[in-house]
1. Here is a list of conditions, (1) away from the ligand (no atom under 14 Å from the Cβ); (2) surrounded by fewer than 20 Cβ atoms within 10 Å (Cβ to Cβ), and Pro444 meets all of them except one; can you say which number that is?
2. Hey, could you check region 168-179 for residues that are more than 9 Å from the ligand (Cβ to nearest atom) and in contact with a helix residue (DSSP H, G or I) (Cβ under 7 Å, 6 or more places away or on another chain) and say which is farthest from Trp472 (Cα to Cα)?
3. Mind counting the residues in region 201-223 that are in contact with a helix residue (DSSP H, G or I) (Cβ under 9 Å, 6 or more places away or on another chain) and either open to solvent by 10 Å² or more (accessible area, probe 1.4 Å) or away from the ligand (no atom under 16 Å from the Cβ) (or both)?
4. Residues of region 397-429 being of a type in the set (Gly, Ala, Ser) and surrounded by fewer than 23 Cβ atoms within 10 Å (Cβ to Cβ), which ones?
5. Quick one: Trp196 ticks every box in (1) crowded, with 24+ Cβ neighbours inside 10 Å; (2) away from the ligand (no atom under 11 Å from the Cβ); (3) aromatic (Phe, Trp, Tyr) bar one, so which box is it?
6. Pairs needed: first member in region 146-166, open to solvent by 10 Å² or more (accessible area, probe 1.4 Å); second member anywhere, within 16 Å of the ligand (Cβ to nearest atom) and not polar (S, T, N, Q); C-beta distance under 7 Å; at least 6 residues apart or different chains.
7. Pull up region 120-130, narrow it to residues that are surrounded by 24 or more Cβ atoms within 10 Å (Cβ to Cβ) and assigned to a loop (DSSP other than H, G, I, E, B), then point me to the one that is farthest from the ligand (Cβ to nearest atom).
8. Scan region 446-453 and tell me whether some residue there is in contact (Cβ under 8 Å) with a residue 40 or more places away in the chain and closer than 17 Å to Val307 by Cα.
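The values are calculated or read from the model by the stated rules, or taken from the named source; none is laboratory data. Please read all numbers here as calculations on a predicted model, not as lab measurements. Quick reminder, even Gly has a Cβ in these numbers, built from the backbone with ideal geometry, and neighbours come from all protein chains shown. Surface areas here come from the heavy atoms of the whole protein model, side chains and all, with no ligands, DNA or RNA. Shrake-Rupley method; radii C 1.70, N 1.55, O 1.52, S 1.80 Å.
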Amino acid sequence: MSIQFKTIKELSSMLQSKEVSNYELLQETFKLVKSYKHLNAFITLNEENALKKARNLDNNTSDLSLSGIPIAQKDLFVTKGLRTTCGSNMLSNFIPPYSATVIENLENAGCISIGKTNMDEFAMGSSNETSFYGNVNNPWGENLVPGGSSGGSAAVVAAGIVPAATGTDTGGSIRQPASLCGITGIKPTYGRISRWGMIAFASSLDQAGPMARTAEDCAILMNEMCSHDNKDTTSLDETIPDFTKDLDAPVKGLKIGIVKEFDLSKLDSNVVKVFEDSKKHYESLGVDFVEVSLPNINLSVPTYYVVAPAECSSNLSRFDGVKFGKRCDDPKDLEDLYIRSRSEGFGEEVKRRILIGSYVLSAGFYDAYYKKAQQVRRLIKNDFDNAFKHVDLIMSPTTRGTAFEAGSMSDPIQMYLEDLFTVPANLAGLPGISIPSGYLDSKPLGIQLIGNSLQESQLLNVAHNFQMTSDWHLRTPPTRSK
Ligand code: GLN
């Protein structure tokens with residue numbers, strides 16, 4: 001019996017038919033975790049607890065929708081009694097007294113959390129190289145980055161250890177690693193999923209979402225992850241549909257926009273070919289492509305890299321060595337305590353963002369940078385509103401290329417440009433999904449679909465149609481013996 005690479009749907013039916021017991025499933029899962037240790041994808045495991053839960057499920061019947069499904073949780077969600085580091089030395093000793101709403105929702109639906117996945121420190125990064133706990137490796141090739149910041153989550157799903165993992169996406173951290181690891185990941189509309197218990201990076205952009213092998217599994221997870229939450233003031237009070245209901249609906253006649261201002265000729269011609277092939281595939285399903293203009297979209301990266309650091313500098317001020325988290329040894333006085341705790345606790349990229357953020361919010365520069373960025377953000381949102389008058393969805397590549405080698409991108413600006421296609425959806429609060437769409441030199445690549453506000457069902461439907469008629473999402477990286 002092999003459980004590797006199985007989807008939620010497949011594991012659920014194996015559990016129901018008793019082909020595998022809950023306990024066996026979890027035991028096998030932890031065997032896989034150990035044989036994939038070289039990925040460095042987990043920061044903390046929840047083995048004892050998870051096996052206990054599985055044992056209990058075997059002794060009691062449960063009709064919960066996700067009963068017994070093993071899931072990996074990004075280490076950005078606080079988990080009661082289980083260490084939560086957010087990829088940082090600052091929180092290396094933090095054991096939260098409560099769990100994030102997302103964690104509660106999934107566990108209440110029967111999921112078993114098997115551990116906390118490695119990630120860029122405080123979710124700042126596009127390659128998982130900024131984690132205090134070391135790089136995560138991409139299962140598709142030695143020394144390849146998995147993308148960031150939810151790289152650990154993407155790697156464990158791609159390696160087939162678990163069918164699903166949670167991720168968060170402030171500027172692309174679900175979609176980009178999904179693309180580079182050959183899996184499916186959706187960032188819902190801002191506010192769809194509660195941010196309660198998510199360690200804040202940039203509060204007006206942060207949004208949680210599922211990462212899985214298929215759009216169908218993402219829909220199943222969305223059904224449980226979404227909820228209106230009074231503990232999060234930006235949580236949307238909107239009806240939550242059954243995201244699985246319209247998965248099979250035909251896509252014939254749908255209009256998908258291609259952004260005129262995205263200059264694809266700057267990309268590698270093979271990357272463009274994969275994108276063009278995906279368009280042809282959709283055309284064969286009856287989709288019409290139309291060019292749309294989003295005149296301000298190329299201002300997204302500079303806008304994001306003002307707004308996100310500004311919010312991060314404010315959010316991260318709470319880590320001062322006083323209340324929780326790391327405190328330096330033998331502080332001389334209060335100032336020394338602050339300075340050394342923060343200097344020792346934060347890594348280089350986080351410090352860079354705090355500096356940029358403090359600068360753009362400072363009295364002399366606020367109008368020129370932060371206020372201006374907020375104005376441009378509104379223009380970008382207006383561009384999308386106008387585009388959605390003409391098209392149902394917008395499609396682009398998810399990333400500029402396939403996974404690159406760890407250590408090969410040392411210039412932070414180059415790294416920021418990796419987010420070119422993903423940050424616009426965050427700035428506009430819109431839902432976006434990445435699905436596997438091809439391979440170059442055995443490395444996966446994804447396409448991104450962006451939907452109008454609250455149109456996740458449509459995104460999942462369009463992604464599911466692609467997956468029903470292609471097999472990119474079924475490919476698996478080379479396996480390792482247990
Ligand atoms: N790569 C982007 C950044 O470093 C996005 C990260 C994210 O979505 N958490 O800010």
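1. Of everything listed in (1) away from the ligand (no atom under 14 Å from the Cβ); (2) surrounded by fewer than 20 Cβ atoms within 10 Å (Cβ to Cβ), Pro444 misses just condition (2).
2. It comes out as Pro177.
3. 13
4. Passing the criteria: Gly401, Ala406, Gly407, Ser408, Ser410, Gly429.
5. It is condition (1) that Trp196 fails.
6. none
7. Selected residue: Asn128.
8. No: region 446-453 contains no residue that is in contact (Cβ under 8 Å) with a residue 40 or more places away in the chain and closer than 17 Å to Val307 by Cα.
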